[in-house]
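The values are calculated or read from the model by the stated rules, or taken from the named source; none is laboratory data. Predicted model only: the values in this text are computed from it and were never measured. Cβ placement follows ideal geometry from the backbone for every residue including glycine, while neighbour counts extend to all protein chains displayed. Side chains included, ligands, DNA and RNA excluded: accessible areas come from the protein's heavy atoms. Shrake-Rupley method; radii C 1.70, N 1.55, O 1.52, S 1.80 Å.
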Amino acid sequence: MAIKLQMLTEDPKEIELIERYWAVDESGQYLEKVSALTDVIEMAPGVTLASFVRQRCNAFDDNQVCSKCAELIEIKNRSEAKKVPQRSTKLCTLCQNDHDAIALEAKKTKAAELERQLAEYVRKQLTRTVDYSAVPDNQVVLLLALDRAVTPRLTNGGFRPGDCRGLAPRYVDDFMLQLREAGLVLDDPSKASPGTYYWEGDEIWVLRDQVVYRLAPDVASRRADEVIRNLSDRVYTDADGLFNLWLDYAVADVMRYLGAQCELYNHDLSEQELAEIKSTMRAALHTYSVSQLWSVAWKVVRDAASLANREYYNRPKAAATIPGKIRRNLEKVQRESIELKTWSRPEQHPAGTLGMVLGEILGVDEDTPGHRVSSLVAWLTGQACSPSVEAALDEPIRELMTLALSHDVGSSVMLRFAELIRAGHDVGFAIEEIGEALRS
């Protein structure tokens, strides 16, 4: 091993120290230890021998050549030297400088292209408008809830994803995605902090948490605050859309509670298990209330925690039983007509602005059963008394009345019918429930 030296000092003592620092024997071993050379020359406090030598000498290793031009590679300290000849993966100083200059120029070119494309994107965004009178009911409710969550930033400037946390107990990104995909909320690169948009390969990527959003302009050029006030007076007609939005919100409310309980008992559920539970809960919410399903989650999670302490079990195995336990528990409740308990909302688990807006529009909360929500949505949108609903009920009503008269139980049937309606069930459910009871 041989080290070629290029001196940057004319001081004889410094040159002697440098030559001793890099001196090796025939086997490539350094002749003197660093500790033996430290006191040869007085150095400033905090300066190491390696940095002292590096400032006064350029060292090139005979055993390492540039992968591009085959010139010797400069090394900075003893540990970088090689004992046998090899082609280095590093570049020599000149080639590295050329490479850095080319990379810097490419970076500048991409930065200019990014700026150009973002400017064009902003220009196109400014030309996009929305006819808010044609926006579906469920998206109107989401916008009203978002306005409460980020006030006054929705109508006065812009807001970031982190500002929307108060929208719902969970799955806020999913609710925001609905608004983005509908074109009601637009991102504004001109207001985002530097580095939010960047190149990755040949594509422009974005740091989603840093994006700045704003409300899409109105087709009639109304101010954003005027648009929101107008949406507050909406007459709702889309029963399916509103009920599905309530289901989305209710699922988020249930899953937030379940997540808190699992965290309390160190149950780590996979994405697949969470998706299975989410599907089960959504189906159950057609019948039960959010607070009733909190009680189910509470019971099942504690059962799993108890199971984890048994022999041959551990926490991962116990956690894996939770999706099945929830499903079987709900099946038993339905099969045996068990009355589910209701749980109170925890203080650290707010309803979110979406829950507040749905509550004001529909008159519902976490204690309202799903079948009652469905009835309220039907009445609000005028679907409960529509001609199609009436036509669909003609035959079931005729059959029920015939059964009641044939069994001579007309009075009790009418009393039971009134009882079910007062409990929040719709007409169709009440007719089916009474009919099944008479036929059994």
Worksheet entry | Accessible-area ranking of 270, 337, 51, largest first, probe 1.4 Å | 337, 270, 51
Worksheet item: Across the range 11-21, in residue order, what do the Karplus-derived ³J(HN,Hα) couplings come to in whole Hz, using 6.51 cos²θ - 1.76 cosθ + 1.60 with θ = phi - 60° and x for Gly and Pro?
Response: 6, x, 5, 5, 5, 4, 4, 4, 5, 5, 4
Response to the item:
Note to self, the chain gives a 222 nm [θ] from helices alone (DSSP H runs n ≥ 4, -39500 (n - 2.57) apiece, / all residues, nearest 500) of -17500 deg cm²/dmol
Worksheet item: Excluding ligands and nucleic acids, what accessible area in Å² is computed for residue 372 using a 1.4 Å probe, to the nearest 10?
Response: 80 Å²
Worksheet, complete the sentence: Per its Cα gyration tensor (rounded if a/c is under 1.5, else prolate when a/b beats b/c, else oblate), the range 229-367 is best filed as prolate
Worksheet item: With point charges of +1 on the Cβ of Lys and Arg and -1 on the Cβ of Asp and Glu, referenced to the Cα centre of the range 307-408, which listed residue (359, 318, 379) lies farthest in the positive direction of the dipole?
Response: 318
Practice prompt. Report in % the part of the accessible area of the range 139-291 that belongs to carbon and sulfur, leaving out ligands and nucleic acids; probe 1.4 Å.
Written response: 46 percent
Practice prompt. Could you pull out every residue, at least 5 positions away or on a different chain, whose amide H is within less than 5 Å of the one on residue 199? Hs are placed 1.01 Å off N in the peptide plane, and Pro or chain starts have none.
Written response: 205
Worksheet entry | Inverse of mean 1/r across different Cα pairs in the chain, Kirkwood, Å | 29.0 Å
Worksheet item: Using the Cβ atoms and a cut-off under 12 Å, what net charge is assigned to the surroundings of residue 42, where Lys and Arg are +1 and Asp and Glu are -1?
Response: -1
Worksheet item: So how do 294, 199, 205 rank on accessible area, 1.4 Å probe, biggest first, that is with the largest at the start?
Response: 205, 199, 294
Worksheet, complete the sentence: With every protein chain kept in place and a 1.4 Å probe, the range 269-349 has an accessible area per residue in Å² of 59 Å²
Worksheet item: Can you work out ³J(HN,Hα) from phi for every residue in the range 40-53, in order, using Karplus 6.51 cos²θ - 1.76 cosθ + 1.60 and θ = phi - 60°, giving whole Hz and x for Gly and Pro?
Response: 5, 10, 6, 10, 5, x, x, 8, 7, 4, 4, 5, 4, 5
Fill in: Percent carbon-and-sulfur accessible area, the range 316-359, ignoring ligands, DNA and RNA, probe 1.4 Å
50 percent
Worksheet item: Which ³J(HN,Hα) values, rounded to whole Hz and listed in residue order, are derived for the range 310-319 from phi using the Karplus coefficients 6.51, -1.76 and 1.60 in 6.51 cos²θ - 1.76 cosθ + 1.60 with θ = phi - 60°, glycine and proline given as x?
Response: 7, 5, 6, 10, 9, 5, x, 5, 5, 4
Worksheet item: In terms of Cα to Cα distance under 19 Å, which lysines are near enough to residue 341, apart from those fewer than 8 places away along the same chain?
Response: 299, 325, 332
Worksheet item: By the scheme Lys and Arg +1, Asp and Glu -1, what is the net charge of all other residues having a beta-carbon under 13 Å from that of residue 14?
Response: -1
Discussion item. Take residue 82 and residue 440, extend 7 Å from each Cα along the Cα→Cβ direction, and tell me the distance between the two endpoints in nm.
Written reply: 8.4 nm
Item to complete: Could you tell me which of the pairs 191/278; 108/191; 76/107; 4/83; 13/90 are separated by over 25 angstrom between their Cα atoms in the structure shown?
Response: 191/278; 76/107; 13/90
Worksheet item: Of 76, 108, which has the most accessible area and how do the rest follow, probe 1.4 Å?
Response: 108, 76
Discussion item. For the range 224-316, which GluC sites (Glu not before Pro) pass both filters: DSSP loop (anything but H, G, I, E, B) and at most 12 other C-beta atoms within 10 Å?
Written reply: 311
